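Please read the structure below before turning to the comments.
The values are calculated or read from the model by the stated rules, or taken from the named source; none is laboratory data. Bear in mind the structure is a predicted one, so any value in this text is a computation, not a measurement. With ideal geometry, Cβ positions are generated from the backbone for all residues, glycine too; neighbour counts draw on all protein chains shown. Ligands, DNA and RNA are stripped out before the accessible areas are found, and what is left, the full protein with its side chains, is counted by its heavy atoms. Shrake-Rupley method; radii C 1.70, N 1.55, O 1.52, S 1.80 Å.
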Amino acid sequence: MARIEHFAIFAKDAPALKDFYVKTLGMTVALESGGNPPGFFLADEKGVALEIIGLAEGASVANTRWVCHTAFLVDDVASRRRELEALGIAFETGTEVDTPTMKTAFFNDPEGNRCQIVWRSKPLVP
């Protein structure tokens with residue numbers, strides 16, 4: 001069975017977006033791919049990676065509200081949300097889930113990529 005190694009997002013300012021994910025979500029830099037524009041692979045503690053691809057001058061990205069999001073598993077959505085809001089991160093309204101089995105909240109990273117923090121009562125994949 002295949003497993004996810006990494007997924008990728010675009011950034012107009014890849015170094016700044018790398019810093020955002022490292023500082024706010026605790027990811028680590030696994031690889032700096034260099035180039036112009038530069039790119040980065042960031043890793044979580046379980047070994048799943050997020051690739052940040054520097055967006056070429058003049059290229060556009062899709063509105064991620066309707067396309068995709070990156071989900072980060074947390075122990076407590078309300079607590080983590082307060083921590084992120086204290087850093088100036090604004091969360092979407094009207095898209096939260098708050099049930100006994102799942103809690104979620106959405107925000108955009110500095111490049112406009114849609115992110116989700118999520119808690120589940122049981123792992124999505126056992």
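In segment 71-80, is there at least one residue being of a type in the set (Val, Ile, Thr), open to solvent by less than 70 Å² (accessible area, probe 1.4 Å), in contact with a helix residue (DSSP H, G or I) (Cβ under 6 Å, 6 or more places away or on another chain) and under 28 Å from Ala30 (Cβ atoms)?
yes
Evaluate segment 79-102: report whether one residue or more is under 18 Å from Phe20 (Cβ atoms), modelled with pLDDT under 90 and assigned to a loop (DSSP other than H, G, I, E, B).
no
In segment 64-119, which residues are within 15 Å of the chain's Cα centre (by Cα) and polar (S, T, N, Q)?
Across segment 64-119, the qualifying residues are Thr64, Thr70, Thr104, Asn108, Asn113, Gln116.
Go through (1) touching a residue at least 24 places away in the same chain (Cβ under 8 Å); (2) touching an Asp or Glu at 6+ places or on another chain (Cβ under 9 Å) one by one and return the number of the condition Leu84 breaks.
(2)
Based on what the data block shows, is Glu32 open to solvent by 30 Å² or more (accessible area, probe 1.4 Å) and under 18 Å from Trp119 (Cα atoms)?
no
Looking at this structure, is Leu55 open to solvent by less than 70 Å² (accessible area, probe 1.4 Å) and touching a Leu at 6+ places or on another chain (Cβ under 6 Å)?
It is false that Leu55 is open to solvent by less than 70 Å² (accessible area, probe 1.4 Å) and touching a Leu at 6+ places or on another chain (Cβ under 6 Å).
Looking at (1) in a helix (DSSP H, G or I); (2) open to solvent by less than 70 Å² (accessible area, probe 1.4 Å), find the lone condition where Gln116 falls short.
Among (1) in a helix (DSSP H, G or I); (2) open to solvent by less than 70 Å² (accessible area, probe 1.4 Å), Gln116 violates only (1).
Phe40 fails exactly one of the following numbered conditions: (1) over 21 Å from Ile9 (Cα atoms); (2) touching an Asp or Glu at 6+ places or on another chain (Cβ under 7 Å). What is the number of that condition?
Just one mismatch for Phe40, condition (1).
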